Number of protein chains: 2
Amino acid sequence: MSRVTFVPAEDRLTDQIAFAVEIDKLKRIIRRNLLMDGSRRENDAEHSWYVATLAMVLGEHAPAGTDLQRVVAMLLVHDLVEIDAGDTFIYDPVAVAAQVEAERAAADRIFALLPGEQGARLRSLWEEFEERETPEARFARALDRFAPILANHHTEGGTWRLFKVTAAQVMEKVRLIEEGAPSLGAYARALVEESVAKGHLSE
Amino acid sequence: MSRVTFVPAEDRLTDQIAFAVEIDKLKRIIRRNLLMDGSRRENDAEHSWYVATLAMVLGEHAPAGTDLQRVVAMLLVHDLVEIDAGDTFIYDPVAVAAQVEAERAAADRIFALLPGEQGARLRSLWEEFEERETPEARFARALDRFAPILANHHTEGGTWRLFKVTAAQVMEKVRLIEEGAPSLGAYARALVEESVAKGHLSE
């Protein structure tokens, strides 16, 4: 008995379901950083939930007038391209440069699974995040950088120690947080200083 | 050197960070259902990402006038109480009944980590989801029920086969989907019928 017998094909819902099935793969893309208890590495899907929820929790630290609902939407889709392109460790500059083209090709494939205008709308959220020109994108990016700092601070250095990252490198990321959310940047800076003082991060 | 030296205490941000650290635990609450490729069981955090993203992708199937942004917010927080109360298998009625009090106690503890009015606001989203009286809550609940059906359909019966669930039991959940989103309910019904026809779900 063919699938067509039961499920109507060639309509918008069919395309949306194909996209829904595809994006389930985000749960299997593994990031470098650890859960807050250090028990295992995090995947992109749970990371995306975490930062989208942080946008609700920490929204008042965004500049006045920031559209937090667009921030949440952006964070829900910001890592989908990694289904094809994989996760890139932000402290590996060679990998970061090679990633740009791979992510663009991934966006071409994945968002095109959706009905045309809907795929374009979700893709534009991803592009906005990447371009970091709007307050929404800068705040979203700040949260994306803030979360691993919080996790590393809670795991005695976590990936900083594992991959021999220095405080100077982390402070570059702190500057991105400050650009998107000054008070979160100040908080992240304090966490980094405390991690150095405790010997969990080398200077 | 004490923590107080670096990080200002007793402000809103400190409480919000305590909440942020707490909710990371959602990544370790394991649900019954499997990923779409059957490789492992899903956790609550990645499930929450998935259904929140489905709300964006399938939003046009909600009744006209549904506030999709509130649906997304609701789905981001809907499982936080399971940090204390654990996941309940929806086909186990005894466990479902016992769960109500445990979840209420969990909500009392977890949302209270936030500044007062913010904790009350997020808690009310969870309560709205549980009460299923608004179109937003019914649509959110429909997505929460739709996702496992899609996953079971893609894993040759998945948890239906593992836990000997029948089509009649699944159809009760399909009715909840129909209440929140008629076209998704019809689609889910077709998936269930197809699963029965293929022998992946017993009648």
**Asked** Working out 0.36 nm times the residue gap between B:A167 and B:E101, then minus their Cα-Cα distance, what length gain in nm do you get to one decimal?
**Response** 20.8 nm
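Per residue of A:21-30, what is the mean number of Cβ atoms on other protein chains within 10 angstrom of that residue's Cβ?
5
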**Request:** With a point put 7 Å past each Cα toward its Cβ, work out how far B:K198 is from A:A18 in nm, to one decimal.
**Result:** 1.7
**Item:** Centre separation in Å (Cα based) which lies between the range A:44-85 and the range B:166-203
**Value:** 32
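Summing both sides, how much accessible area is buried between A and B? Use a 1.4 Å probe and give Å² to the nearest 100.
The summed interface area works out to 5100 Å².
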**Message:** Please compute, for the alpha-carbon atoms of the range A:10-197, the extent along each of the three principal axes and give them in descending order in Å.
**Reply:** 60, 36, 29
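Any idea what % of Cα-Cα pairs in the range A:49-89 are farther than 14 Å?
The share of Cα pairs beyond 14 Å in the range A:49-89 comes to 51 percent.
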**Flagged links, alpha-carbon separation over 20 Å, of A:K27/B:K25; A:K198/B:K27; B:K164/B:K198; A:K27/B:K27** = A:K198/B:K27
**Item:** Candidates A:D84, A:D37, A:D108, ranked by Gaussian network fluctuation over chain A, Cα under 10 Å, top entry
**Value:** A:D37
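In the protein assembly as shown, what percent of the accessible surface is made up of carbon and sulfur (1.4 Å probe, ligands and nucleic acids excluded)? List each step's numbers first, then the result.
Working: 8660 of 16410 Å².
Exposed carbon and sulfur together represent 53 percent of the surface.
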**Fill in**
Computed over chain B, protein heavy atoms only, probe 1.4 angstrom, the accessible area per residue in square angstrom equals 40
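The values are calculated or read from the model by the stated rules, or taken from the named source; none is laboratory data. Every value quoted in this text rests on a predicted model; they were computed, and no experiment measured them. Positions of Cβ are backbone-derived with ideal geometry, glycine not excepted, and every protein chain shown enters the neighbour counts. Just the protein is used for accessible areas: all its heavy atoms, side chains included, with ligands, DNA and RNA removed. Shrake-Rupley method; radii C 1.70, N 1.55, O 1.52, S 1.80 Å.
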